[in-house]
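Beneath this line is the structure, given in structure tokens, with notes to follow.
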Amino acid sequence: MTFQPKLPFELELYRSKLEATARPFIKIIPTETGITSVLQSKTGGTPFLPKSARYPMNSKGEPLFFLAQLNFGEMPRLENFPEKGILQFYINNESGLGMDYQDPFNQADFRVLYFENTVEEDAASGDELPMPTPVEELPIAAGLSYPLAFERKEEIVPLSDYQFEKLLGEDFFEPFGERQWDIMDTYSKLNNAGGHKLGGYAFFTQQDPRYRMGGLELLFQLDTDKAIHCMWGDMGVGHFFIQKEDLLSLDFSKTMFHWDCY
């Protein structure tokens, strides 16, 4: 079925232009909490870690908090993303969660790990992994693990993503005069890029930080979601961004971590 985004009726004349911004992404769908296997895609729980690998630590030598892992063998194919292996995200066990405002690529207090070859028999047991004492500010509840399912979808550029102006121009809504604000509001409600996802466009409660960086693709977005006890500050959202060439070369050492809230 051909992708047909919902639009305010005033923008129907611009449908072809808006549809030209369509991008595929993988929608992440949390399922009922429970015991998860070591190789399974999930938020929380016990990560896959080869016995030869060291558990990631922060700049103080303390264990980072395991946020999520994504097994590419369990999801539909998405261009530029790996076809196999496990990608993991760790954050700091403190109020800032490891985001470095001066250098958001600095992984001293967060970590993104990728394991291309995953064999369950090679995994360290949960008893062998250090478990930090969780603080209240963490975005997910400690001790709960939610298996993840996946669905390939498409979306058009939202107002929140810096690429809107790049693709459609900063004056796109100006021809509508005073009505532009209502039209923009309706457009944002219909196409806001929120939710949990890999790839595609990003949603922000504040400004897209890539305005001053450019060129960064959305790697992983984990949104506030009461159903999985996930909350970034005050109804915020967490992001990990990466350069396309680093994604293609499976180099996640230069991933950017960002989160914001209302």
Note on the stretch 1-52: residues among the charged types (D, E, K, R) and crowded, with 17+ Cβ neighbours inside 10 Å are Arg23, Lys27, Lys42
So, first residue under 22 Å from Met99 (Cα atoms) and without any contact (Cβ under 8 Å) to a residue 40 or more places away in the chain in the stretch 41-62, second residue of a type outside the set (Phe, Trp, Tyr) and not in a strand (DSSP E or B), Cβ within less than 8 Å, six or more apart or across chains; the pairs are Met57/Leu64
Within the stretch 165-197, residues surrounded by fewer than 16 Cβ atoms within 10 Å (Cβ to Cβ), small (Gly, Ala, Ser) and part of a loop (DSSP other than H, G, I, E, B) come out as Gly169
Result of the Cβ filter at 8 Å on the stretch 233-250, keeping first residues that are under 24 Å from Pro139 (Cβ atoms) and partners that are crowded, with 17+ Cβ neighbours inside 10 Å and of a type in the set (Gly, Ala, Ser), at least 6 apart or interchain, is Val237/Gly194; His239/Ala202; Phe241/Ala202
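Among the residues of the stretch 81-88, is any within 16 Å of Leu250 (Cβ to Cβ), among the small types (Gly, Ala, Ser) and modelled with pLDDT under 95?
No; the residues of the stretch 81-88 include none that is within 16 Å of Leu250 (Cβ to Cβ), among the small types (Gly, Ala, Ser) and modelled with pLDDT under 95.
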Checked pairs for the stretch 154-175, first closer than 19 Å to Asp260 by Cβ and without any contact (Cβ under 8 Å) to a residue 60 or more places away in the chain, second basic (Lys, Arg) and surrounded by 15 or more Cβ atoms within 10 Å (Cβ to Cβ), C-beta under 8 Å and 6 or more apart or across chains, list as Tyr162/Arg210
Going through the stretch 16-63 in order, the residues found to be over 16 Å from Tyr90 (Cα atoms), aliphatic (A, V, I, L, M), within 22 Å of the chain's Cα centre (by Cα) and outside any loop (DSSP other than H, G, I, E, B) are Ile26, Ile28, Ile29
Taking first residues from the stretch 122-145 that are in contact (Cβ under 8 Å) with a residue 60 or more places away in the chain and second residues anywhere that are outside any loop (DSSP other than H, G, I, E, B) and among the charged types (D, E, K, R), the pairs with Cβ under 7 Å that are 6 or more apart or on different chains are Ser145/Lys42
- Message: Residues that are surrounded by fewer than 19 Cβ atoms within 10 Å (Cβ to Cβ), in contact with a Gly (Cβ under 8 Å, 6 or more places away or on another chain) and β-branched (Val, Ile, Thr): does the stretch 108-122 have at least one?
- Response: yes
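Determine whether Pro63 is more than 19 Å from Leu222 (Cβ to Cβ) and surrounded by fewer than 24 Cβ atoms within 10 Å (Cβ to Cβ). Quick ask: steps written out before the conclusion?
On the way: more than 19 Å from Leu222 (Cβ to Cβ): yes; surrounded by fewer than 24 Cβ atoms within 10 Å (Cβ to Cβ): yes.
Yes, satisfied.
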- Query: Just wondering, is there one or more residues in the stretch 183-194 that are modelled with pLDDT under 95, among the small types (Gly, Ala, Ser) and more than 16 Å from the chain's Cα centre (by Cα)?
  - Reply: no
Leu78: passes all of (1) farther than 16 Å from Leu219 by Cα; (2) aliphatic (A, V, I, L, M); (3) modelled with pLDDT of 95 or more but (1)
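The values are calculated or read from the model by the stated rules, or taken from the named source; none is laboratory data. Predicted model, so just to flag it, every value in this text is computed and none were measured. So basically every Cβ, Gly included, is an ideal-geometry build from the backbone, and we count neighbours across all protein chains shown.
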